[in-house]
1. Considering the values (i) 179; (ii) 203; (iii) 138, which represents volume of the Cα convex hull per residue in Å³ as calculated for the structure under consideration?
2. What's the tally of Lys pairs in the chain whose alpha-carbon atoms lie under 23 angstrom apart, where the two lysines are 8 or more places apart or on different chains?
3. Roughly what angle does helix 10-61 make with the longest principal axis of the chain, taking Cα atoms, 0 to 90 degrees, to the nearest 10?
4. Determine ³J(HN,Hα), in whole Hz, for all residues of the stretch 272-286 in sequence, where each value follows from phi through the Karplus function 6.51 cos²θ - 1.76 cosθ + 1.60 and θ = phi - 60°; x replaces Gly and Pro.
5. Taking amide hydrogens as modeled 1.01 Å from N in the peptide plane, which residues meet the under 5 Å criterion relative to residue 317, leaving out close sequence neighbours?
6. In terms of modelled amide H atoms, which long-range or inter-chain residues lie less than 5 Å from the amide H of residue 245?
7. Each label point is 7 Å from the Cα along the Cα-to-Cβ direction; what then is the distance between the points at residue 331 and residue 124, in nm?
8. What spacing in nm lies between the two simple spin-label points modelled at residue 38 and residue 15, each 7 Å away from Cα in the Cβ direction?
Amino acid sequence: MRSRQRGFTLIELLVVIAIIAILIGLLLPAVQKVREAAARAQCQNNLKQIGLSIMNFESAYGFMPPGRVDAFQGVNVPKFGVNTQNVRVGPGTYLLPYLEQEALFRRYRFDLDWINEGNQSAIRTPLKMWICPSSPESFDRQDFGTLNPTGGYGMNADGSRRSAASADYCVINGYNSLSLNSGVFAPPNNPVPPVPGLILGDLPTLDNNYTGVLSMVGRRNAPLGPTKGEVTIVGITDGSSNTVMICEDAGRPQRYVTRGKLAVFTSGAGWADPDNEIWLDGFPFDGGNDAQTGIPRGPCWTNCNNNNEPFAFHTGINNHVFADGSVRSLRQNMTIANYAGLVTRSQGEVVNID
């Protein structure tokens, strides 16, 4: 007589399910760590491609590409293709031919302002190398350049809003020496020296605040202000391996702080946007009460607030492109004064990156 085959009891089945759940629970963090490591590596590779494009531009022209071009107050900028007044050009535009985007570069019209309707087809194009895979925001997100979701740059002839493809990387080209409320000045946050030639409240000297490698070219302020020219390699007297050019400012135009996502927006997120470039201000370590980007500022230089400040979705670091084309991860526990010293190209700071 055949014996009946015994099956699992309910208790045994529950034990097996519990063991499987524990194993999955142990496995998920490891999978997430591997996924983030891969995303971080891809982010660094994106920045490496941008860094190489900057170096190739410099090799072709003998000077660095601009962080922004402003043809205002009677100034044209023929070296950068701008022969029309009241035209602005963003940093990513000049790098297109060196990022295998020659066709997109040819579609861009330098005789029109960057946000003009005639440039919409070009600047609305999402570019993979400008997006960090660790960012929780979508690859094809658009920046409307406002602090609220209902505003915009203007309207096209068909009634649609003008916008620009966003970027998770930006030009870092100075620190805010215009306000004593800036984190780089306000004690006890390791204050840094004032920028030479800049006088608080004196508009004609404002453009001296552009102390970075990918600087502003042209003029954007009062007619008495200086005309800013291009930066050459020899002009980086602090050393190309000691000066940063590009940093992560990820998640824009959506606003993020240390505590998470806020229900407001920030501007300047587009790779073609002249306002892509940022000055360092500093924020409190909790990101601050930032409904409208208020003060006081604080000693945190990264990963506390992405309102035109360095910000990354990697734990404890922010990836940067240096002026020698290298890509390095800077730790967020660096002091704001040390980081400000890496931003300027010729103020003589000595910074220990480690």
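None of the figures in this text is laboratory data; all of them are computed from the coordinates on show. Because the structure is predicted, anything quoted here is derived from the model rather than measured. Here the Cβ is made from the backbone with ideal geometry for all residues, glycine too, and neighbour counts use every protein chain on show.
1. (ii)
2. So the count of such lysine pairs works out to 6.
3. Taking Cα atoms only, the helix is inclined about 20 degrees.
4. With coefficients 6.51, -1.76 and 1.60, one gets 9, 7, x, 7, 4, 5, 10, 10, 6, 10, x, 9, x, 5, 8 Hz.
5. Residues meeting the criterion, in which the H sits 1.01 Å from N, are 332.
6. Correct list: 321, 322, 323.
7. Rounded to a tenth, the inter-label distance reads 4.6 nm.
8. Here the answer is 3.6 nm between the modelled labels.
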